Structure formats: C-alpha cells, structure tokens
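Notes follow the structure.
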Amino acid sequence: MLIMTKSVLAIMCGFVLSILTAIILIPLLKKLKASQRLSVYLREKHNSKVGTPTMGGLIFIIPVLLILIILFLTNRIRISYNLLIILFTFFGYAVIGFIDDYLIIKRNNNNGLSEGSKLILQIIISIIFFFLFMKSGNEPLLWIHTFNIKINIGWFYGFLILLVLVSSSNAVNITDGLDGLASGLSIIAYLAFGLITWNTGWLEGYEDIALFIFLLIGALIGFLVFNINPAKVFMGDTGSLALGGALGSIAILTRHELLLVLIGIVFVVETLSCVIQRIYYKITKKRIFPMTPIHHTFEKKGWKEIDIVRLFWLVGLIAAMASIAFGVLL
C-alpha cells in the first residue's frame, strides 16, 4: 500500500512540475525559434503546425531530474545501482536527441545528426549499459516469468540488449509523428511497466525504479496537456529517444524483454512499416504503403489525426492490459 501511495504522489509531483516547466519553456522555445521544418510530404496535412516549437522533451526530462535530486537529498529515494543504470540510459539518449534537435534548429533544416552518427552514439550507450548491467552480477538469461523458464543465451544476450535499447529508442522516435501519439502511448507503456516493476521484489531497488517510472508518467501527462491536438509543442528527438531508451532499459532490468514487444506493439508496428517499406522499395522501386510510418498511411486514407491517435492509443491500452495479465497475474 505504501509504494502505491508513493507512486500516486510521484505522478502528482511530476504532473505539477511539468506543467510549470511547460508554461516557462514553451514561450522561451518560441522566442528562440526552436522549431523544426516539416517534410515536403507532410505539408499538405500538417501545414498548420509550421512554427510549433520542438525540444519539448525537456518539459518532462527537467522535472524528473529536479524531483529525483530533491527526493535524494531529503532521503525519500535511494539511487540504487539499477536505478542509476536506467537514469544513465534515459539521460544519455536524451543528450543524443538534444544534439540532433539542436543541429536541426541551428541549420534551419531537417539535417541533424546523420543516421549513421545517431546509430553509433546509441550503440555506445547500449554497450556501456551492457557493461554496467553485467558488472552487477546479472546472468545472461532470457526469462519467461509466466512459465518460470530461464534460458542462458550466453554472449548472444549482449546483442539482445543492443537490439532492445536501439530498437525501443528509435521506435518511439518513429512513432512521434502525430500530436499526442508517442506521448500517450508512452504513458500507457510506462504504466504497464510500473505495475510490473511493483511485482519484481527480487530486483534490487525495485521500489525506487517504480517511483521513477510513475514520476515520469506524471511528467508525461503534464507534457501531454500541451502536446495533444493541436500541439503547442513537440517532444523532438530529445524526448522520444530518452523515452524509448529508458523503456528498453526497464524491460531488460525487470527481465521482460519479450513482453516489451506486446506492451509496445504500436511502436513495433510503426517501426516494421518503415523497415518493410524501405526494403521493398530498394528491391522493387515500388511502395507497399502510401506513406510510412503507418500512421501517415491512415492520414492518406482520409482519417482525421485525432481519430488515428485515439485508435492507436486504444490498441496500445489493450496490449498493455493483456501484458499485465500475462506478465503479472498469470
């Protein structure tokens, strides 16, 4: 009961401070003209979004950092080794995203970090994560909790960690294309992992990790107030890479890497649509989908943006509830 009370308070604190941060930061971003140019392919449907500031991920990153510092200094939270790994990943990917957003704004075009440079930086963070993870004595186990199956996959576990972190960070980034889509789905995914983390009493510092998750959920809800259609701010790579990276690290530490696929099913489908489109086009010079990520295909079919977001949220919520039942209750 105590951890539930703390989690609710964490949501409230994250929400309030993110609202205050947004009130201060959004006018500042507008003044600095920190906006991203829209792709020529999106101007037909999204022309009204021209000039909307980006880097909005700072709206939920800054409150999380400040509240964690306050909680630590007042002995309300313990920065355990496992929580430290998650925070390293969260802020590490945030820095990569910030550099990318900054270059886009500075150059006044969509040319931030190159795909290769961004991938290399993501891999470096993932390798450091793997080193820290294994140093704490973790075994390279693929753990299926529901059936209590543990499979030692040896050195291949390093590639699994790399795949999970890079894929999850890029998946959230790819999904961040409609107002409120990525932020709403992230709230749902983090809520699922927050409840799962409550049930991982075997994990050192699991209560503190759960508090971090619910603190982030509160901050994301505050951000969503300004990101819902019509968006007053975009999270940019600063926010999307951080969210995806932290989500992947939590899945690894709680040993629910496989369940992440179901919890983040919308992120997975969005990413797969891009991969399939690119491979198919290189082979045939034709496209399977009118436009990717898949949410833009729905737009091409005449769907309203708000209806697409609602549908994807619903799918994400159903998948998250099924994941909780499968990963915790069963």
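The values are calculated or read from the model by the stated rules, or taken from the named source; none is laboratory data. Predicted model, so just to flag it, every value in this text is computed and none were measured. All Cβ positions, glycine included, derive from the backbone under ideal geometry; neighbour counts span all protein chains shown. With ligands, DNA and RNA removed, areas are computed over all heavy atoms of the protein, side chains included. Shrake-Rupley method; radii C 1.70, N 1.55, O 1.52, S 1.80 Å.
Before moving on, here are some points about what is shown:
- Per-residue ellipticity at 222 nm, computed for the chain from helices alone with -39500 (n - 2.57) per DSSP H run of at least four residues, works out to -23500 deg cm²/dmol.
- Residue-count net charge about ILE79 - beta-carbon cut-off 13 Å; Lys, Arg +1, Asp, Glu -1: -1
- About the Cα centre, charge dipole magnitude for the chain (Lys/Arg +1, Asp/Glu -1 at Cβ), debye: 960 debye
- Per-residue packing, averaged as other Cβ atoms within 10 Å, sorts the ranges 306-317, 188-199 into the order 188-199, 306-317, beginning with the highest.
- Proximal aspartates and glutamates relative to LYS286, as straight alpha-carbon distance under 20 Å, when same-chain residues fewer than 8 apart are discounted: GLU270, GLU299
- Set of aspartates and glutamates near LYS135 by C-alpha distance (under 16 Å), chain-local residues within fewer than 8 positions excluded: GLU204
- Per-peptide average of other Cβ atoms within 10 Å, ordering 127-138, 268-279, 52-63 highest first: 52-63, 268-279, 127-138
- Within the shell defined by Cβ-Cβ distances under 12 Å, the residues around GLY236 carry a net charge of -4, with Lys and Arg each +1 and Asp and Glu each -1.
- Farthest positive-ward along the chain dipole, Cα basis, beta-carbon charges - from GLN122, PHE226, TYR102: TYR102
- 16 Å Cα-Cα reach of LYS150 towards aspartates and glutamates, excluding residues that sit fewer than 8 places from it in its own chain: GLU139, GLU257
- Formal net charge of residues neighbouring ASN227 (Cβ-Cβ distance under 14 Å; K, R +1; D, E -1): -1
- The fraction of accessible area contributed by carbon and sulfur in the stretch 3-149 is 69 percent, rounded to a whole number (1.4 Å probe; ligands and nucleic acids excluded).
- Surface exposure of the chain, expressed per residue as accessible area with a 1.4 Å probe, stands at 48 Å².
- For the stretch 193-234 and the stretch 117-177, distance of Cα centres in Å: 20 Å
- Considering only VAL172, VAL261, VAL50, the Gaussian network model of the chain with Cα springs below 10 Å gives its largest mean-square fluctuation to VAL50.
- Among ILE86, ILE221, ILE283, residue whose mean-square fluctuation peaks in a GNM of the chain (springs only between Cα atoms under 10 Å): ILE283
- Charging the Cβ of each Asp and Glu at -1 and of each Lys and Arg at +1, and nothing else, the dipole of the stretch 261-327 about its Cα centre rounds to 460 debye.
- Each peptide among 156-163, 227-234 gets the average number of other Cβ atoms lying within 10 Å of its residues, and from highest to lowest they stand as 227-234, 156-163.
- Legend: helices of the chain (whole DSSP H runs) are marked when their alpha-carbon atoms reach 24 angstrom or more along the helix axis and their mean Kyte-Doolittle hydropathy is at least -0.5; marked are 2-31, 81-107, 115-135, 156-175, 181-198, 206-227, 236-253, 265-284, 305-324.
- Label-to-label distance, ARG278 versus LEU203, with points set 7 angstrom from Cα along the beta-carbon direction: 2.9 nm.
- Percentage relative contact order, the chain, counting C-alpha pairs under 8 Å, at least six apart: 28 percent
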